[in-house]
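The structure is given below, and queries will be raised subsequently.
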Amino acid sequence: MAADSFGRTKDGRDVARYALSRSRLRVHILDYGGVVSRIEVPDRNGTWANVALGARDLAGYEASDAHFGAIIGRYANRIAKGRFSLDGHEYRLPHNAGGNTMHGGPVGFDRRIWRVIRADDTALVLAYRSSDGEEGFPGTLDVEVAYSLSDDETLRIDYAASTDRPTILNLTNHSYFNLAGEGSGEVLAHRVAIAADHYLPTDSEQIPTGEIRPVAGSAFDFREPKALEAGIRDADPQLALAHGYDHTFVLRHPGALRHAASALDPSSGRRLDIATTQPGLQLYTANMLDGAVIGSGGRLYRSGDAVCFEAQGFPDAPNRPNFPSVVLRPGERFAATTAYRFTAE
């Protein structure tokens, strides 16, 4: 596959863009942060549109802290107070979300240039070696992320990693979806379903309290499809703290690749189905987009203009013994899969 240039970083490194295409799905991916910069799919009438938010150019990705479409690591989501203990040793991480660490720190995996292992018309495999002590995390970590397109309009992401010292790891993709088309405005009419009976409430800094709360009877009940607008203005203190949805849902049957969530845009008929092996799914309604980013289509992004479905481990799990473990040890191999299937109805 021939890659085209996507510019140079502020420190002079070349960035390439790769185009994957198969049947009714076209995807663009950067070697900068493994960013999924475009996802083009047709609607019920066969009209194609890009349904993934992204920056207009490389400078926009570098300037933004929205993590558009990127690989997030070494630890997706938040770690309280930027510290955790492992095998009796306390590790301190740089803070980049108030007094906490978020999405791997100020220079996470989304700001690194990844090495291309393999590239063809339907697949791209990227690799990155994270050195011992990078952003405060222990152990040299070798990570591979494989993107592939299948005949059933699915973008599959396979993650793999190994370490030479005990460490913690939580990887995800941070794509922002608007199934009506990037730049078309808010997504609150999208009908969303999530296969979860519980979610994780958070404190005022959006750190999980440790409670695993039932969704029943609350604005967080997506066990049956409903429009985001049906719950997002509910007078729930959790929604007020996050300015919308920004919470982890506890998925059923962790470890198996199974259906996790869906979203449908009634206007276009475009539908997204997410399957994952991960234990959690972060539902995020782009609450922090404030009109400061010019999108890839030339329009400003604002709060509610997209929805994210970040399949991942639980936030702050290193400090919560009741959460699924995120520890990776030498001799073990981390593996996870998330798949996004795009159809129209």
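Between residue 267 and residue 23, what is the label-point separation in nm under the 7 Å Cα-to-beta-carbon projection?
Computed distance between label sites residue 23 and residue 267 equals 2.7 nm.
Using the Cβ atoms and a cut-off under 13 Å, what net charge is assigned to the surroundings of residue 5, where Lys and Arg are +1 and Asp and Glu are -1?
Result for the neighbourhood of residue 5: -1.
Moving to a separate point now. What does a probe at residue 8 reach in region 41-68, counting residues whose amide N is under 17 Å from the point 7 Å along Cα→Cβ?
Within reach of a label on residue 8, which here means backbone N under 17 Å from a point 7 Å along Cα→Cβ, region 41-68 contributes 58-60, 62.
Taking 0.36 nm per residue of separation and subtracting the Cα-Cα distance, what length does fully extending residue 229 through residue 107 add?
My answer for the length gained is 40.5 nm.
How far is it, in nm, from the label point at residue 129 to the one at residue 302 when both lie 7 Å from their Cα along the line to the Cβ?
Using points 7 Å along Cα→Cβ, the separation is 4.8 nm.
Hey, another quick one. Can you tell me the length gained on complete extension of the stretch residue 203 to residue 120, counting 0.36 nm per residue apart and subtracting the Cα distance?
25.4 nm
Looking only at 318, 201, 254, which one moves most when the chain is put into a Gaussian network model with springs between Cα atoms under 10 Å?
The residue with the greatest mean-square fluctuation here is 254.
Further question on the same structure: About the Cα centre, and with charges only on the beta carbon of Lys, Arg (+1) and Asp, Glu (-1), how big is the dipole of the chain? Nearest 20 debye, please.
260 debye
Still on this model: So, in nm, how far is label residue 95 from label residue 335 when the simple model puts each one 7 Å beyond its Cα toward the Cβ?
4.0 nm
With each run of n ≥ 4 DSSP H residues scored as -39500 (n - 2.57), what mean residue ellipticity at 222 nm is computed for the chain after dividing by its residue count and rounding to the nearest 500 deg cm²/dmol?
-1000 deg cm²/dmol
Running Debye on region 62-193 with equal point scatterers at the Cα sites and no solvent, what base-10 log of I(q)/I(0) appears at q = 0.10, 0.11, 0.15 Å⁻¹?
Listed by q, the Debye log ratios stand at -0.40, -0.48, -0.83.
Specify which residue in the list 30, 51, 82 is farthest towards the positive end of the charge dipole of the chain, using unit charges on the beta carbon of Lys, Arg (+1) and Asp, Glu (-1), about the Cα centre.
Sorting the options by dipole projection puts first 30.
Given the Cα atoms of the chain, and with Rh set as the inverse mean 1/r over their pairs in the Kirkwood sense, what is Rg to Rh to two decimals?
So for the chain, dividing Rg by the Kirkwood Rh gives 0.94.
Based on the Cβ-Cβ distance of residue 47 and residue 252, what FRET efficiency does E = 1/(1 + (r/R0)^6) give at R0 = 45 Å, to the nearest 0.05?
The formula returns an efficiency of 0.80 here.
In nm, what is the difference between 0.36 nm times the number of residues separating residue 236 and residue 221 and their Cα-Cα distance?
Once the chain is fully extended between residue 236 and residue 221, it gains 4.2 nm.
Each reported figure results from applying straightforward, stated rules to the coordinates on display, with no laboratory input. Fair warning: this is a prediction, and the values are worked out from it, not measured in the lab. Note: ideal-geometry Cβ built from the backbone for every residue, glycine included; neighbour counts use all protein chains shown.
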